[in-house]
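This report concerns only the one structure given below.
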Amino acid sequence: MLTLFDYLPSQNAWKVRQLLHHLGQPHQTVLISIFEGEGRTDSYLRINPTGTVPAIRLDDGRVLAESNAILMYLANGTRYLPDDMFERAKIAQWLCFEQERVESVIGSLRHWMMTGKLARRSPELIDGKRRAARRTLDILENELATRPFIAGGCYSIADMAIFAYASRAEEAGLSLQRHPHFRHWVTRVESQPGFLASMHSYAIDPYSVHELP
Ligand SMILES: N[C@@H](CCC(=O)N[C@@H](CS)C(=O)NCC(=O)O)C(=O)O
């Protein structure tokens, strides 16, 4: 059975949970306590050299890390990833956008905000992330004004990936007042059959107030 290496407040891991839920794919979960340093043990570093979650292990023992690479692999041959090469490349475009402009910007702000670390970050760093986050939301607003889903007419893994952190923008202290199309898209994603509403706050992990090792 497929194994998912997970940390519950991680929205990178939620992406994979969401796709597995859509696919109804049986799997077992191994929780990695990242703030206690479990990601840096020799045994976990053999699964994912970066020490981060999510990662998966297949029945044959092969391992795969990076949330969006896992989405690409698991969605192959399903309605969530088209076969057409150009349409696949479009999805890859938005998966790259997600890593560069959503996860590393809104995701970081949300992490710092929800775990009290914002007070330990420099005003310049916070300001830079906030400006980048606003630009990200503006780009999404403009794009989603033109079509129902981020890579075209159909719900795909690109929507799952972007939704993971972008939909949590308010938890990162960002206003969505000026982003009606984006908010409609959030509702559209939430109304997909098999949407995984369960998400977890950092508050469930007392160790999350510590810096990552
Ligand atoms: N680009 C990676 C980022 C993974 C990542 O940073 N995961 C966080 C949890 S959201 C983590 O495990 N952090 C532990 C660490 O950095 O040591 C992905 O998309 O999977």
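The values are calculated or read from the model by the stated rules, or taken from the named source; none is laboratory data. No experiment lies behind these values; they were computed from the predicted model shown. Cβ atoms come from the backbone with ideal geometry, glycine included; neighbour counts cover every protein chain shown. When the accessible area is computed, the model is the full protein with side chains, heavy atoms only, and any ligands, DNA or RNA have been set aside. Shrake-Rupley method; radii C 1.70, N 1.55, O 1.52, S 1.80 Å.
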Counting only residues that are open to solvent by 30 Å² or more (accessible area, probe 1.4 Å) and touching a Ser or Thr at 6+ places or on another chain (Cβ under 7 Å), how many does segment 96-125 have? 2
Residues of segment 33-54 satisfying the condition of being out of contact with any strand residue (DSSP E or B) (no Cβ under 8 Å at 6 or more places or on another chain), within 6 Å of the ligand (Cβ to nearest atom) and either part of a loop (DSSP other than H, G, I, E, B) or open to solvent by 70 Å² or more (accessible area, probe 1.4 Å) (or both): 51
Collect the residues in segment 63-79 that are exposed (fewer than 15 other Cβ atoms within 10 Å of the Cβ) and under 13 Å from residue 5 (Cα atoms), keeping them in residue-number order. 63
If a residue must be in a helix (DSSP H, G or I) and within 19 Å of the chain's Cα centre (by Cα), how many such residues does segment 115-137 contain? 8
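Do you know which residues across segment 140-159 are in a helix (DSSP H, G or I) and in contact (Cβ under 8 Å) with a residue 40 or more places away in the chain?
140, 141, 144, 157, 158
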Within the bounds of segment 103-116, is there any residue that is closer than 27 Å to residue 137 by Cα and among the basic types (Lys, Arg)? yes
Go through segment 1-32 and report how many residues are open to solvent by less than 20 Å² (accessible area, probe 1.4 Å), within 20 Å of residue 206 (Cβ to Cβ) and more than 9 Å from the ligand (Cβ to nearest atom). 1
Looking at the structure I just gave you, is residue 64 in a helix (DSSP H, G or I), of a type outside the set (Gly, Ala, Ser) and on the phi < 0 side of the Ramachandran plot? no
